[in-house]
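The values are calculated or read from the model by the stated rules, or taken from the named source; none is laboratory data. All figures in this text were calculated on a predicted structure; none of them were measured in a lab. No Cβ is skipped: glycine too gets one built from the backbone with ideal geometry, and neighbour counts run over all protein chains shown. The protein model used for the area step is the full one, side chains on, heavy atoms only, and it has no ligands, DNA or RNA in it. Shrake-Rupley method; radii C 1.70, N 1.55, O 1.52, S 1.80 Å.
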Amino acid sequence: MTTLVQEAPGAVGRTGGATGSGLLRYLVIRFLLIIPTVLVLVSVVFFLMHASGDPITTAFGDRLTPQQLHAKLHQAGYDRPLLTQYLDYLRSLGHGDFGRTATDNQAVSRMLRTYGAATAELAAYAMAVALAVGVPLGMVAAAHRDRAPDVALRLFAILNYATPVFFLGLLLKLVFAVWLGWLPTSGRSGIDVQLELENQTSTTGIYLLDAVRSGDGSAVADVLRHAVLPGVALGLLVAGVLLRLVRTNLIGTLSAEYVEAARSRGVGPFRLVTRHATRPALIPVVTVLGLQVAGLLGGAVLTETTFEWKGLGFELAHYLTVRDYAAVQGIVALFAVVVAVTNFLVDVAAALIDPRVRY
C-alpha cells in the first residue's frame, strides 16, 4: 500500500513538481508487483488443492475398478509428477487458457465470464450500500464526538464488523423475506425475468444493466428487489469499517489549525464538517477501499451461497466440495487479479490526489 510522508507544508509543492518521472517509475513498479502477487496466490492454491486429493478419485473412486480409475487419472493428467502439472498449469495460464472443469467438462474461461458478471454486480451493490451508510454515519459520529449519537454509531459499527456475513444474511432473509414477505428469499430475479433477460440478442450478464436495456420497468424493479437483501448483507460488512475510519479521520482533521481558524471566524459545525474537513479526511478512505475489495470477494462466497446468487462465490463453494482443481484455481486466479489490479488503481488514485505519497 502507499506510504504517506509527513513533510512541512512548503515541501509538498517541491515533491509534486519535481517528480513527473518519479510518478511514472512509481506506477510501473506498482504495476509489476501485480505479477508476483498473483503468482504466489495461484501457486499456494494449486499445491493446497493437490494436497487434498484429486477430483476423479473423489467423484468416481467407489464406482470404478482400479484399472478404470487409473485410466481416467491418466486421461486427465493427474498421474504425472506434481511439478510437471504445476509448470504446465502456469504455461497454460500464460496463454490465457484456464483449462476445463473436471466434473462437468466446461471451459473455465466461459464459466468465469458467465458467473463473474453476477459477482461483479453484487459487489457493486454492496459497495454502494457501504458508501451510502458508512461515510455519512461516520461524519455524524465525528460531529457528535463522545456524545450519545457517536456512542450509538460506534456500537453499530462494531456489531456490523463482528457479525458473520452469513448470519446477517440469514437474519435479513428471515425478517424481510419470510416473516414480512416484502422481498424475495433468493436468486437474482424471478424465473420469467431471468428467461426474458437471457433470451435477449446480446446480454452483459449484469441483470440490472440488461433489464434497463430491455426497457421493461417491471424487470428492473424485479432485479432490484432481488438485490436488496444480498447487497445490504454484504455492504454492511464494509460499512462498519468505513464508519469508524471516516469518524477517526474527521476528528483528526477537525482539530487541524485551518479548521480551528474557520471555527474562530464563526463557521458552524455542519459547514466545518462538510466544507472544510471532509475532503482531506476521505483520502485515506480511498486507499482502504482497495483493501475492502478482497473482503467483498471473500464475503461474496458466503452471501451468494446464503441467497443462492449464482455468481463465482456460489460456484466456488460447489467446486470446492468436489475438489475440482481447474474450476477452483480459475476462480481464485481471477479473484487475485481483481484484488491486485484494484489495489494498483487505488495506489494510483492516492498518488495523484496527494503528492505527499512516496514515489
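Observations on the structure shown:
- Boolean, Thr2 is surrounded by 16 or more Cβ atoms within 10 Å (Cβ to Cβ), of a type in the set (S, T, N, Q), at pLDDT below 70 and not in a helix (DSSP H, G or I): yes
- Counting only helices (runs of 4 or more DSSP H) wholly contained in the range 200-306, the ones carrying 1 or more residues that are at pLDDT below 80, within 27 Å of Ala143 (Cα to Cα) and open to solvent by 30 Å² or more (accessible area, probe 1.4 Å) occupy 257-264.
- Selection within the range 41-62 - open to solvent by 60 Å² or more (accessible area, probe 1.4 Å) and under 18 Å from Phe98 (Cβ atoms): Leu41, Val44, Phe47, Leu48
- Criterion violated by Ala326 - all others in (1) open to solvent by 40 Å² or more (accessible area, probe 1.4 Å); (2) closer than 24 Å to Ala107 by Cβ satisfied: (1)
- Test: Glu315 is assigned to a helix (DSSP H, G or I), open to solvent by less than 10 Å² (accessible area, probe 1.4 Å) and either among the hydroxyl-bearing types (Ser, Thr, Tyr) or in contact (Cβ under 8 Å) with a residue 12 or more places away in the chain (or both): no
- If you filter the range 164-181 down to residues that are surrounded by fewer than 16 Cβ atoms within 10 Å (Cβ to Cβ) and not hydrophobic (A, V, I, L, M, F, W, C), you find that the one that is farthest from Pro284 (Cα to Cα) is Gly181.
- Among the residues making up the range 187-199, those that are out of contact with any Ser or Thr (no Cβ under 8 Å at 6 or more places or on another chain) and open to solvent by 30 Å² or more (accessible area, probe 1.4 Å) are Ile191, Asp192, Gln194, Leu195, Glu198, Asn199.
- Selection of first residues in the range 161-190 that are in contact (Cβ under 8 Å) with a residue 12 or more places away in the chain and of second residues that are open to solvent by 40 Å² or more (accessible area, probe 1.4 Å) and aromatic (Phe, Trp, Tyr), restricted to Cβ pairs under 7 Å at least 6 apart or on distinct chains, gives the following pairs, ordered by first then second residue: Phe176/Trp182; Leu183/Phe176.
- Answer from Ala177, Ala143 - the residue that is among the aliphatic types (A, V, I, L, M) and at pLDDT below 90: Ala143
- Scanning the range 111-140 for residues that are farther than 12 Å from Gly313 by Cα and not hydrophobic (A, V, I, L, M, F, W, C) yields Arg113, Thr114, Glu121, Tyr125, Gly134, Pro136, Gly138.
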